Amino acid sequence: MESTSIRATTPRVSVPDISTLKCTQRSLMIRRSMNLGSPLKTGRKSIALRCIRAQQSELKDGSVTISPESDYKNALKIKEWEVGRFQEEIAANQGIRIRRRPPTGPPLHYVGPFEFRLQNEGNTPRNILEEIVWNKDMEVSQLKERRPLSSLKKALDNAPPVRDFVGALRKSHLRTGLPALIAEVKKASPSRGVLREDFDPVKIAQAYEKGGAACLSVLTDEKYFQGSFENLEKIRGAGIECPLLCKEFIIDAWQIYYARTKGADAILLIAAVLPDLDIQYMTKICKILGLAALVEVHDEREMDRVLGIDGIELIGINNRNLETFEVDISNTKQLLEGERGEIIRQKDIIVVGESGLFTPDDIAYVQEAGVKAVLVGESIVKQNDPGKGISGLFEMSLSTTDHSTGGNVTSDSPTPILDFRSTDDAWYTILLALENETLTVKYVGFSEEYNEEYNAGDFKNLKQVEFFEEKFRPASVQLQDTECWMLVTGMTVSASYVYSEFDLKFYNAVIDSITYKAHKFDEGEEECRCSFVVSWLHGPMVGSKESIRIEHICKLTSGSAQIDPTLASFLKMSREKLELASHNSGFIVEDDCSLEGVAVIDWKKNGQDIDMGGKPITAENLREKDNCHFILIDNLEKDLAPRTIVNFIHKHVSIKSQAYVFPSLLSETYTRGIIVVDSKEKLQKLSDFLRNPAHLIMSSSGRPWVMTEEKLKDRTFGNLMSRSEKYMINPDWIQAI
Ligand SMILES: O=C(O)c1ccccc1NCC(=O)[C@H](O)[C@H](O)COP(=O)(O)O
């Protein structure tokens, strides 16, 4: 039967051995219809029969004339068109109204040079989307002739690696707590005409990236959107790091390969145009090529079809009806309600809200509906500065580099990023603003309602100020796959504890052990395979161990949180207020003072800085020194910083000293420490001061210091320590100043 049907078409094109040609060529062409394939194998016969019927009817209505001189290439195109007719029928069964090709005959383009064709209902598109698709069909078949698939595949051998489109969306959503932005580089559209006359795709892309877009969408259709693949290539070549979506009307797998050669990291598949099997097949190709596929739906039926397909990671809900141009953002909400939303959550699909998003309220509305990303064109591309358009649309800067604004929190000078330890013991990235005596802590990625305010007059004593200061630290830095060598056992890091996909918190943890594994190299990308067992210092797993990967580890940044000038002024203001109060009250409170004149020894640096008698100070040297005299203090707060002791003594007794605070057992409620000075005179002066019955030295919680021993040189640390301290001590652990 099959051969009969083939022969039946031959006379019309006068190609002698069409059946042979058809077979070889069809295997290429049929790749697209291969997906009609297996479940419909028996349907092959009917493909052929349908072909005959289609052509006979053409003859009847006279709309098509095919010249007997047409070459066999034309014949092949006709065959392709015939197969397409069968696809139309499948598509129609799935509720797809968009016809891939004009039903009453091959498009005009396929007809020989001297033929004509009357316009009729069957070869006139019913709406703009259909027109675009018909046009695309012709465009693609011409392009395919110029760049066969084999040549595209060859080009891919040397293509740069694909960027992680889905990962970029997830990361941005996690970072900001807002929907990740796919910013569209779009000059014109059928519904809105030209959006921007002075259209420079690279400049716009750069502004978007600077403005904090997670990914970019680049229109490549020339006829209806004035876009181009050249724009895509230029943007990729201009050093833009955001992953790129090739915004194209894809009807043929060839286009996916083509998009990849032009620098795309993701492609769009429109459910209104593509039958399920095409989506399935094309998604698989994307996976092979490493591309992400954004599958776009507009109504419930399309959503249900797509939810039924395995392996879909990204679904776009277009608020624009591409047949009528009507835009309604409540469409997003409607499609995410009830069971559909539930399935999406279960499958962990990222939903992208597309089109018609113009205001912060629109963004909030679709976020509330459940989207984790948005695709925005018109409202930002039309702005003089599209990057600023982004902060206007989101009501805050999404940028990773510009931290000077964030919601309503502003700062006159650029604010360095700090981490802040909140009451849950987790560390958060924050921005600070100081107005009069009030410091606002704004959690990056959280709405204003989470802001915290502190007043410089709120602190009761210096200990409280110090405690507050210790809640800040310079922002820790995410380690890259190539940087695992920086981690060593015993190191304290900031590690993310994963509560759920979108809820993770950073807690301090100590690296307990490391298992090194060979790194994986894939298309130039290095993947760290090592694992790190950490011992959690805080959080729900405190005290227990967990094996984590490099992506969950941030390296602590050394230095003081006071590099942030806003925090520094606030702390200064708070201390000045207390200073005033302490002068009036007559008793001494723990104090901090300028570090000027106080030598700071970093115990771990093994003898830089201070020198007591010509030799560098190390734990070992200190034990051996003749001129080291100790005072042992008991009843110290466990978190007392040695620096505080040194500063306090320097301020009140004008003595340079060193202080050590011993580690303590969890069961102990206080700890002990030593103050070391380098002369008998100093020891005496210090002792007089500390034992002076006219005052009491106590910590912020009211715990008074207790001087248990004062000794001249004849003791070593070992002798001064309790058994538990000796057991626990490791010179590197002693906090020393
Ligand atoms: O925008 C059109 O007129 C259009 C017509 C036919 C097919 C697709 C069309 N637009 C593609 C899009 O969906 C939008 O470019 C995209 O979602 C951004 O929308 P917007 O923010 O409203 O520019």
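The values are calculated or read from the model by the stated rules, or taken from the named source; none is laboratory data. Source: prediction; values computed, not measured. Heads up, the Cβs are rebuilt from the backbone with ideal geometry, glycines too, and the neighbour counts pull from every protein chain shown. Only protein heavy atoms, including side chains, enter the accessible area calculation; ligands, DNA and RNA are left aside. Shrake-Rupley method; radii C 1.70, N 1.55, O 1.52, S 1.80 Å.
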| Just for helices (runs of 4 or more DSSP H) wholly inside the range 144-237: which have at least 1 residues that are away from the ligand (no atom under 13 Å from the Cβ) and buried (at least 22 other Cβ atoms within 10 Å of the Cβ)? | 165-176, 201-210, 229-237
| task | Working only within the range 528-544, note down all residues that are open to solvent by 70 Å² or more (accessible area, probe 1.4 Å) and either of a type in the set (Val, Ile, Thr) or under 18 Å from TRP485 (Cβ atoms) (or both). | result | ARG529, VAL542
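Could you go through the range 656-666 and let me know if any residue there is among the hydrophobic types (A, V, I, L, M, F, W, C), surrounded by fewer than 17 Cβ atoms within 10 Å (Cβ to Cβ), modelled with pLDDT under 75 and within 47 Å of the chain's Cα centre (by Cα). Steps first, answer last, please.
Residues of the range 656-666 among the hydrophobic types (A, V, I, L, M, F, W, C): 659, 661-662, 665-666.
Now drop any that are not surrounded by fewer than 17 Cβ atoms within 10 Å (Cβ to Cβ), which leaves 665-666.
Imposing the further condition that a residue be modelled with pLDDT under 75 reduces the set to 665-666.
From what's left, within 47 Å of the chain's Cα centre (by Cα): 665-666.
Looking through the range 656-666, at least one residue is among the hydrophobic types (A, V, I, L, M, F, W, C), surrounded by fewer than 17 Cβ atoms within 10 Å (Cβ to Cβ), modelled with pLDDT under 75 and within 47 Å of the chain's Cα centre (by Cα).
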| message | Looking only at residues that are within 16 Å of the ligand (Cβ to nearest atom) and more than 37 Å from the chain's Cα centre (by Cα) in the range 101-130, which one is modelled with the highest pLDDT? | response | ASN127
| message | Every residue in the range 362-384 that is free of Cβ contacts under 8 Å to residues at least 24 places away in the same chain, within 15 Å of the ligand (Cβ to nearest atom) and not small (Gly, Ala, Ser), please. | response | GLN383
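Looking at the structure I just gave you, is GLU241 more than 16 Å from the ligand (Cβ to nearest atom), assigned to a loop (DSSP other than H, G, I, E, B) and at pLDDT below 95? Lay out the reasoning, then the answer.
On the way: more than 16 Å from the ligand (Cβ to nearest atom): yes; assigned to a loop (DSSP other than H, G, I, E, B): yes; at pLDDT below 95: yes.
Taking the combined requirement at face value, the residue satisfies it.
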